[in-house]
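Participant: Could you have a look at this structure, given as C-alpha cells, before my questions?
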Amino acid sequence: MLDAVDSARIRAARLAVGGDVRIAASPGHTVPEAMSEAAAALPGVRTAVEVWTDDNAFLFGTVQGSTQVAVVVADPVRYAELARRTGRGGFDPALLAPGAGDAPVPALFSSGLARLARPGGEPFRLHLDSGGELRIRNAAVVDGTPARPDGGGAVIVLPAGPATAAALPRRPGPDRWFAVGAVDEDRLRELVRATAPAGQASRFRVETAAAAAAGLGENPLQRSAGRLFWGSLAGALGFALLAVLLTLVRAAPERAAVLARLRTMGLRPRQGLRLIVVEALPQAVGATVGGAAVALAAVALLGPYVDLTTMVGAPVPPGLRPAVRPVLVQALGLSALVALAVFVETAVSGRRHITTELRAGDQR
C-alpha cells in the first residue's frame, strides 16, 4: 500500500509539473537562452526542452466557427521524449515532420479539441496572440500534454522550426523550460538567480515534482494513515518474533539435552548451532513464503477495487497492482529475524554444562 501511494504521488506530481523540473517565466517574459542551456547542463538532467506557449490563440474551422485554444510550440523529438517520460500525451515525433512547400503545418490536437473539429474541414487557420497566422492540419490526437498540466480542453502542439518561427514575431524565446531527471532544486534555483536578467529573478518560477509530491503528503490524514500501516507492520513482526521465541523456549530443554549427548560423541559447538538453525528454518521459511503468497494473492483479488486518491492527495485511477519488492523485503526481513532469534537462543542454551544436561535428561 505505502509503496503504491508513493509511486502514485510521484506520478501525480510529475503530471502536475509537466516533468521533474519546470522553469516558468511570468507573462510577457521569456526564459533566457543562457538559463536554459545552463539548466540543461546540470547533473542529473536526462531530457530538457524549451517550450513556447500561447493561451489566447484562436482556431478557425471548427464546428463553432472559431475556438479559443492554447498553443504549445516545442522541438518534436525532445518534447516527445518528455511526454513519454512524464506519461502524458506521448506521440511519434515523425508525425510533426513538416510537409513540402506551402503544405499546412502538422499539429497535435487534444482530445477535447478534436471533438470540435469539423469533419473534412482541414486545413485549419490558427491565429496567434502575437499576430501571426498559420495553416495547420490535425496530424494526431493526444490525451494531454506536459506543458499544459491542468489538462486544458483545447490544446494544439506545433513543431518548432521555420514553419512556425515566421508566425511568432513578437516572442524572442520560449517561456517554459521542462526537464526530466534527478535535479537538485536548490542548485537549480541558484542557477536561475545567477542567469536571470538584472533585477528580474523573481519573474522566474521554479517547480519540481519532488516538492509537489511532498506537498501532496502533508495532509494529517495521510501521515496518520502511513503511521498506522507502519505500526501494523511492527505489530506483526513483534507477534512473529514472540511466536518463534515461545516455540524455541518450549523445546529448549529437549534440544539442550540432545546437543549435550551429541557433544559427548564429538559434535562441535558450531556444528550444533548449524544443526539447530537447519532444524528451525524450514518451518519459518515455509511460513514466510506462504504469507508472501497470500499477500500477493490478496492484492491480485482486491487491488482493482482499491482507490488511493485519499492517501495520495490527488485524483488517481483506482487499482492496486502487486509489487514484489516490498513483499520480498518484508519476507526476507522476517526470515532474518527468525534466524537471529534461533541463533541467540541456541548460543544462550549452549553455555549450559554438558554434565548438567545429561543428568537432567536421565531424570526425564
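Participant: log₁₀ I(q)/I(0) of segment 220-363 at q = 0.14, 0.16, 0.17 Å⁻¹, via Debye over equal Cα point scatterers, no solvent, to two decimals?
Facilitator: These q points yield log10 I(q)/I(0) values of -0.77, -0.91, -0.98.
Participant: While we're looking at this one, here's another question. I'd like the projected area of segment 24-95, averaged over all directions, using the convex hull of its alpha carbons. Report it in nm² with one decimal.
Facilitator: 6.5 nm²
Participant: I'd like the FRET efficiency for residue 305 and residue 111, computed as 1/(1 + (r/R0)^6) with the beta carbon distance as r and R0 of 25 Å, rounded to 0.05.
Facilitator: Between residue 305 and residue 111 the formula returns 0.40.
Participant: Now for a different question. Between residue 228 and residue 186, what length comes free when the chain is fully extended (0.36 nm per residue of separation minus the Cα-Cα distance, one decimal in nm)?
Facilitator: That works out to 11.9 nm of additional length.
Participant: Using only the alpha-carbon atoms, how far is helix 220-264 inclined from the longest principal axis of the chain? Give it as 0 to 90 degrees, nearest 10.
Facilitator: On a 0 to 90 degree scale, this one is about 30.
Participant: Equivalent-ellipsoid semi-axes (√(5λ), Cα gyration tensor) for segment 221-290, whole Å, largest first?
Facilitator: 37, 12, 9
Participant: With a 10 Å radius around each residue's Cβ, average the other Cβ atoms per peptide and rank 105-116, 286-297, 70-81, highest first.
Facilitator: Going from most to least packed, we get 70-81, 105-116, 286-297.
Participant: Can you work out the PRE-style zone for residue 343? Point 7 Å along Cα to Cβ, and I want the residues of segment 211-251 with backbone N under 17 Å.
Facilitator: Backbone N within reach: 241, 245.
Participant: Quick one: Debye curve from the C-alpha atoms of segment 2-216, no solvent, what's log10 I(q)/I(0) at q = 0.15, 0.19 Å⁻¹?
Facilitator: So the normalised log intensities are -0.95, -1.38.
Participant: Also, quick follow-up: Let's test this: bin the Cα-Cα distances of the chain at 10 Å from zero up to the farthest pair and state each bin's percent.
Facilitator: 5, 18, 20, 16, 12, 10, 8, 6, 4, 2, 0
Participant: Mind checking the full-extension length gain between residue 201 and residue 246? Use 0.36 nm per residue of separation minus the Cα-Cα distance, one decimal, nm.
Facilitator: 9.6 nm
Laboratory data are not the source of any read-out in this text; all were calculated from the coordinates shown. Note that the structure is a prediction, hence the values are computed from the model and not measured. We place every Cβ from the backbone using ideal geometry, glycine too, and count neighbours over all the protein chains shown.
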